[in-house]
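Have a look at the structure below, then the notes.
The values are calculated or read from the model by the stated rules, or taken from the named source; none is laboratory data. Quantities reported herein were computed from a predicted structural model and do not represent experimental measurements. Cβ coordinates were reconstructed from backbone atoms using ideal geometry, including for glycine residues, and neighbour counts include every protein chain displayed.
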Amino acid sequence: MNTAPDKLARDLDWNLLRTFVVVADAGSITRAAEVLGLQQPSVSSALKRLEGHLGRQLIDRKPGRFALTEAGRLLYDEAVDINGAILRIGTAIREVQEEVQGHVTIAIASHVVCPLLNDALREFHARHPAATLSIDVSSSREALDKLLARRASFAVCLVRDRNPKLEYRRLFREFFGLFCGPSHPLFGRKGLSTTELAGQPSVSFVTDQMNDALRPVTLMRAAAGLEDRVVGSSSNLEEVRRMIVAGLGIGPLPLHVVREDVAMGRLWRLPPYEEPPAIDVHVVWNPRARVNRAEASLLQGLLDKIEQTPEADRIYA
């Protein structure tokens with residue numbers, strides 16, 4: 001005699017789970033329809049069929065409100081695992097051969113400058129020329145979200161609070177300083193004190209907040225007395241650099257990344273000069289994810305390089 005779970009497993013269309021995951025990630029039926037390339041009524045109908053199968057409301061949808069119910073949150077966690085496994089079945093079958101041909105997707109924070117990572121990529125390609133690679137640049141928070149949703153093989157990003165579902169290894173440590181561009185009135189001035197920065201407009205990163213990964217940078221800006229209102233912000237380091245060079249305001253950048261800009265006169269270092277805030281960049285991966293051989297090889301190669309490289313050589317002053 002079939003139990004209710006047996007009947008659900010037999011009758012449930014797994015495509016409904018994929019649709020539900022996309023809807024939950026998108027935060028609206030309309031955006032989910034765009035992602036899936038479907039009409040909005042088709043997505044709404046799929047969601048209703050899934051709720052009918054389960055006998056539970058999954059999403060609380062009201063004017064101005066879109067939130068997963070408790071049942072929806074539980075289903076989302078399970079559905080992500082199921083969808084991830086289904087997506088990898090084809091890859092697992094194709095890999096029953098000697099040559100590694102899998103695809104690797106790295107979710108990475110913008111403008112990560114790290115010779116160790118470059119060497120790992122070079123050696124990976126030399127070992128597995130048939131494997132393919134894509135690098136998705138996003139904010140650190142988005143990179144971790146992609147990892148949890150199994151849309152990335154691993155991430156290279158900043159970390160504020162550690163998720164117990166993920167594993168972390170510090171790749172390198174970088175230090176931040178404050179800079180201005182050539183048109184700024186403080187450009188080229190030597191012997192400045194921090195007090196002379198007080199009240200100046202500033203630009204920074206979206207994550208430059210007290211409760212986020214760049215908290216030490218936030219404290220540095222506050223200690224310098226920069227204007228509370230940030231006139232420009234971005235999650236992309238290159239765009240923050242662009243705004244500083246353009247003269248929008250004073251902003252923080254990693255010292256080792258902009259060394260050439262300083263030497264070429266595109267940026268000017270401002271105080272504080274002593275004890276700049278340190279920010280750690282991590283390699284993060286999901287140990288529960290089923291990975292293909294290419295993903296496993298590149299991640300392990302990078303972790304081996306971290307293990308073999310003394311910590312002092314992974315601190316970029």
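For the stretch 139-178, which positions are in contact with a Lys or Arg (Cβ under 6 Å, 6 or more places away or on another chain) and closer than 18 Å to Phe205 by Cα?
Across the stretch 139-178, the qualifying residue is only Gly177.
Could you please find all residues in the stretch 44-57 being outside any helix (DSSP H, G or I) and at pLDDT 90 or above?
Answer for the stretch 44-57, where residues must be outside any helix (DSSP H, G or I) and at pLDDT 90 or above: just Gln57.
Out of curiosity, is Arg269 among the charged types (D, E, K, R) and in contact with a helix residue (DSSP H, G or I) (Cβ under 7 Å, 6 or more places away or on another chain)?
Yes: the conditions hold for Arg269.
So, in the stretch 28-60, of the ones that are free of Cβ contacts under 8 Å to residues at least 24 places away in the same chain and farther than 18 Å from Asn15 by Cβ, which residue ends up nearest to the chain's Cα centre (by Cα)?
Here the answer is Arg31.
List, please: which pairs have Cβ atoms under 7 Å, are six or more places apart or on different chains, and start with a residue in the stretch 214-238 that is without any contact (Cβ under 8 Å) to a residue 24 or more places away in the chain and assigned to a helix (DSSP H, G or I) and end with one that is surrounded by 19 or more Cβ atoms within 10 Å (Cβ to Cβ) and not aliphatic (A, V, I, L, M)?
Final answer for the pair search is Thr218/Asp208.
So which of Asp145, Asp81 ends up being assigned to a helix (DSSP H, G or I), at pLDDT 85 or above, within 23 Å of the chain's Cα centre (by Cα) and of a type outside the set (A, V, I, L, M, F, W, C)?
Answer to the check: Asp145.
From the list Pro63, Pro115, Pro129, exactly one residue is more than 22 Å from Ala296 (Cβ to Cβ), modelled with pLDDT under 95 and not assigned by TED's automatic domain parsing to the domain that holds Ala26. Which is it?
Pro115
Take the residues in the stretch 96-138 that are assigned to a strand (DSSP E or B) and farther than 29 Å from Arg259 by Cβ; name whichever of them is farthest from the chain's Cα centre (by Cα).
Taking the stretch 96-138 and keeping what is assigned to a strand (DSSP E or B), we get 103-108, 132-137.
So of that shortlist, the ones also farther than 29 Å from Arg259 by Cβ come out as 103-105, 132.
Working: His103: 19, Val104: 15, Thr105: 12, Thr132: 20 Å.
Top of the filtered list is Thr132.
Condition first: touching a Cys at 6+ places or on another chain (Cβ under 9 Å) and under 24 Å from Cys157 (Cβ atoms). Now tell me which residues in the stretch 268-282 satisfy that.
The answer is Val281, His282.
Need pairs with beta-carbon distance below 9 Å; first residue outside any loop (DSSP other than H, G, I, E, B) and within the stretch 158-170, second of a type in the set (Phe, Trp, Tyr); sequence gap 6+ or separate chains.
Glu167/Trp285; Tyr168/Trp285; Arg169/Trp285
If I ask for residues that are within 30 Å of Glu78 (Cα to Cα) and basic (Lys, Arg), which ones from the stretch 103-161 would you list? First the steps, then the outcome.
Step one: filter the stretch 103-161 for residues within 30 Å of Glu78 (Cα to Cα), giving 103-109, 131-161.
Hits for the stretch 103-161 are Arg141, Lys146, Arg150, Arg151, Arg160.
Look at the stretch 263-289 and say how many of its residues are touching a residue at least 60 places away in the same chain (Cβ under 8 Å) and more than 28 Å from Tyr168 (Cα to Cα). Spell out how you get there, then give the answer.
Step one: filter the stretch 263-289 for residues touching a residue at least 60 places away in the same chain (Cβ under 8 Å), giving 265-273, 276-289.
Within this subset, residues satisfying the condition of being more than 28 Å from Tyr168 (Cα to Cα) are 265-273.
Qualifying residue count, the stretch 263-289: 9.
Show the residue pairs that are 6+ apart or on different chains and have beta-carbon atoms under 9 Å apart, the first residue being within the stretch 108-136 and touching a residue at least 24 places away in the same chain (Cβ under 8 Å) and surrounded by 13 or more Cβ atoms within 10 Å (Cβ to Cβ), the second being hydroxyl-bearing (Ser, Thr, Tyr) and in a loop (DSSP other than H, G, I, E, B).
Qualifying pairs under 9 Å: Ile108/Ser138; Ala109/Ser138; Ala109/Ser139; Ala109/Ser235; Ser110/Ser138; Ser110/Ser139; Ser110/Ser235; Leu116/Thr309.
Hey, any hits in the stretch 182-193 for a residue that's surrounded by 18 or more Cβ atoms within 10 Å (Cβ to Cβ), farther than 19 Å from Pro276 by Cβ and in contact with a Phe, Trp or Tyr (Cβ under 8 Å, 6 or more places away or on another chain)? It would help to see each step written out before you state the result.
Taking the stretch 182-193 as the starting set, the residues that turn out to be surrounded by 18 or more Cβ atoms within 10 Å (Cβ to Cβ) are 184.
Next cut, farther than 19 Å from Pro276 by Cβ only: 184.
So of that shortlist, the ones also in contact with a Phe, Trp or Tyr (Cβ under 8 Å, 6 or more places away or on another chain) come out as 184.
Yes - at least one qualifying residue is present in the stretch 182-193.
Please work out which residue is surrounded by the most Cβ atoms within 10 Å (Cβ to Cβ), limiting yourself to the stretch 247-302 and to residues that are among the basic types (Lys, Arg) and within 27 Å of Ala198 (Cα to Cα).
Arg269
Looking at the stretch 139-158, which of its residues are under 16 Å from Val281 (Cβ atoms) and surrounded by 20 or more Cβ atoms within 10 Å (Cβ to Cβ)?
Ser139, Ser140, Ala143, Leu144, Leu147, Ala152, Phe154, Ala155, Val156, Cys157, Leu158
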